[in-house]
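Worksheet: the structure to be examined is printed underneath.
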Amino acid sequence: MFVDIMTISCTYFFLKNCDICNEDYKGACPVHGPMLLVCDTKVYKNDSQKARNTLPYFLSIGISSLPRAGLGIWTEMPLTPGMVFGPYKGSRIKHTDEAKKSGYAWQIRKGLKVSHYVEGRDEGCSNWMRYVNCADREERQNVVAFQYQGGIYYRTYKPVLPFTEILVWYGDGYASDLGINLQEKELESPKEIEGFRCDVCEKLFSSSRALERHRRKHPSTRTDLRHQCPECSYSTSITTNMRNHMLTHSGEKPHACPRCHKRFSREETLRQHLVVHTGEKKHVCDTCGKKFNQKSALQRHARLHTGEKPYRCPDCGRDFNHAHILKDHLKTHTGQRPYRCPHCEYRSTKQYSISTHIVRRHTQQFPHTCTFCQKGFCKPSEVRKHIERHHSNASAQ
């Protein structure tokens, strides 16, 4: 990763001052290691969009995860501790009142006195760091600000997951210099979430029955069976099963769908997929009569009637009836929003949210329309509700 940064961003070097222990070292800090400076992308001097265009290639601008914060900076790749960004660019101003009104100003000190402020409101003379928002609480921070040789820098102090917003924190020393009172909230010790945990993948379930069903999906770890996979712990006594299993390692998908572009590693999976094209729905819900083309879809639907929620969040203990809903929910704990709108700065935890956003905000090409007024909708359920609310008399005739 650092080689890519050096190649694209022009250069890097090691700082000799450690802002964590506030000591100068000859070379890297022996405790916290070196800090790697990532350069801005070079732009033309008179670029009116200088702030946006200086963004390093692995960062992006998107709507902030903080309410009413406007735009923010997101990383598209993992960041390691000790990466340094800066310096913060902007106009040089002297007056404190002007700096306080700005919302984009950083204070620069020389010794014990305030020297000046660097103000980044103007996008034509600032850089991308003007878009980095301050964390609303300390535990959400992933970079800290510090002053080095008359400039303001941001440093990652912990690993940062991809698709996460970069949020800065002042750091105790710098906040004190700025006169900012950081009253830390007493963090509650994380409560231990109870449940039935899989010994293979560590996933958590709400019942022993749900865990037992899930556990069958994992390969057998027995070593006394006839065929043992050389790539993993899977073993079986059936030659065909081993042949199909090996395709999961090679990535080979020999079975192609004649109706679309999809390919599959197993013929059985292809047969299940073909039902999507034929429209055959032979699996019927005993409770409401709804039909499905796959047995697994019916089983997931049945949980709506039984109330079963087998998938448990390991962070908050909330239960879900679908694994993919839990997967999306987990991103609310990590702060990740991996899906980006190609037309604007909107981001989301869900792919479907991006699809509906594009239709509603950009293309206006709705897949479902009202037969009475031609109003467009993204879901069939939205059309039904619309007709019931606005065209109930017409639909009854």
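Being at pLDDT 90 or above, open to solvent by 90 Å² or more (accessible area, probe 1.4 Å) and closer than 19 Å to Trp74 by Cβ holds for only one residue in Arg340, Arg347, Arg360, and it is Arg340. Check whether at least one residue in region 190-212 is part of a helix (DSSP H, G or I), on the phi < 0 side of the Ramachandran plot and at pLDDT below 85, and report yes or no. No, every residue in region 190-212 fails to be part of a helix (DSSP H, G or I), on the phi < 0 side of the Ramachandran plot and at pLDDT below 85. Could you check, for region 160-169, whether at least one of its residues is outside any loop (DSSP other than H, G, I, E, B), in contact with a helix residue (DSSP H, G or I) (Cβ under 7 Å, 6 or more places away or on another chain) and modelled with pLDDT under 85? Within region 160-169, one or more residues are outside any loop (DSSP other than H, G, I, E, B), in contact with a helix residue (DSSP H, G or I) (Cβ under 7 Å, 6 or more places away or on another chain) and modelled with pLDDT under 85. Within region 348-370, the set of residues being touching a helix residue (DSSP H, G or I) at 6+ places or on another chain (Cβ under 8 Å) and either β-branched (Val, Ile, Thr) or not in a loop (DSSP other than H, G, I, E, B) (or both) comprises Ser348, Thr349, His368, Thr369.
For region 13-58, filtered to residues that are in contact with a Leu (Cβ under 9 Å, 6 or more places away or on another chain), under 19 Å from Thr75 (Cα atoms) and not in a strand (DSSP E or B), the residue that is modelled with the lowest pLDDT is Met35.
Of the residues screened, Thr278 is one that is of a type outside the set (D, E, K, R), at pLDDT below 85 and open to solvent by 60 Å² or more (accessible area, probe 1.4 Å). Could you say whether any residue in region 261-280 is touching an Asp or Glu at 6+ places or on another chain (Cβ under 8 Å), farther than 27 Å from Leu304 by Cα and in a loop (DSSP other than H, G, I, E, B)? Yes: one or more hits.
Every residue in region 256-275 that is more than 33 Å from the chain's Cα centre (by Cα) and either among the acidic types (Asp, Glu) or modelled with pLDDT of 85 or more (or both), please. Selection gives Pro258, Glu267, Glu268, Arg271. When Ser265, Ser355 are checked against the criterion of being open to solvent by 50 Å² or more (accessible area, probe 1.4 Å) and hydroxyl-bearing (Ser, Thr, Tyr), Ser355 stands alone in meeting it. Being among the aromatic types (Phe, Trp, Tyr) and out of contact with any Leu (no Cβ under 6 Å at 6 or more places or on another chain) is the filter; apply it to region 115-163 and report the residue that is most open to solvent (accessible area, probe 1.4 Å). Result: Tyr157. Filtering region 96-131 to residues that are part of a helix (DSSP H, G or I), at pLDDT 90 or above and over 30 Å from the mean Cα position of the chain (by Cα) leaves nothing. Are any of the residues in region 375-390 under 30 Å from Gly70 (Cα atoms), open to solvent by 60 Å² or more (accessible area, probe 1.4 Å) and assigned to a helix (DSSP H, G or I)? No, that holds for no residue. Looking at Phe58, Phe85, just one residue is free of Cβ contacts under 8 Å to residues at least 60 places away in the same chain, in contact with a strand residue (DSSP E or B) (Cβ under 9 Å, 6 or more places away or on another chain), under 30 Å from Thr334 (Cα atoms) and not charged (D, E, K, R), and that residue is Phe58.
The values are calculated or read from the model by the stated rules, or taken from the named source; none is laboratory data. These figures come from a predicted structure and were not determined experimentally. Every residue, glycine among them, receives a Cβ derived from its backbone with ideal geometry; neighbour counts consider all protein chains shown. For the accessible areas, the whole protein counts, side chains as well, though only heavy atoms, and no ligand, DNA or RNA atoms are used. Shrake-Rupley method; radii C 1.70, N 1.55, O 1.52, S 1.80 Å.
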